[in-house]
Amino acid sequence: MKKTANILEKSRYSDEELDEFRQIILKKLEKAQKDLELLTESYTTGNDNDTNDTSPTFKVLEEGYQVFSKEENSKFAARQEKFIKSLENALVRIENKTYGICRVTGKLIPKDRLRSVPHATLSIEAKMMQGVPVPTPQQAPRPFEPHDE
């Protein structure tokens, strides 16, 4: 009977399961790094389609829009860097064999949650205890966060 209880309440994921999560994370990490590179290029490089030869009024409006776009892309890039760091931290947890363990409850985070949010450190139960709204599957994904195709 005790053996059955241990199977139901396992304390960590097996090496095979951790390898599955590692592959998911590496795939998402590669896409996130490519997205970050595109975002960084968009706000650090000049625009070849400049407005130097157009009227002064249009040029002022166009430059204002370009500054706004660069600021927005900069914010997205900062968010993407944070996402990449979270994925890298998840890889460290896999190496330490602590991946998938909720940092509040100490229980295993369900596989389905980890497959969709591989950098998660909290179970849905822990999120609800903190009063954090948990998105439903019907909600649209946030921009620049890679999702499984």
Original post:
Stretched out fully, how many nm does the piece from E41 to M128 gain, at 0.36 nm a residue minus the Cα gap?
Top reply: 27.5 nm
Original post:
Extension gain K85-T98, at 0.36 nm per residue separation less the Cα-Cα distance, in nm?
Top reply: 3.0 nm
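Every read-out reported here was derived from the displayed coordinates using simple, explicitly stated rules and does not represent laboratory data. The structure displayed is predicted, hence computed values, not measured ones.
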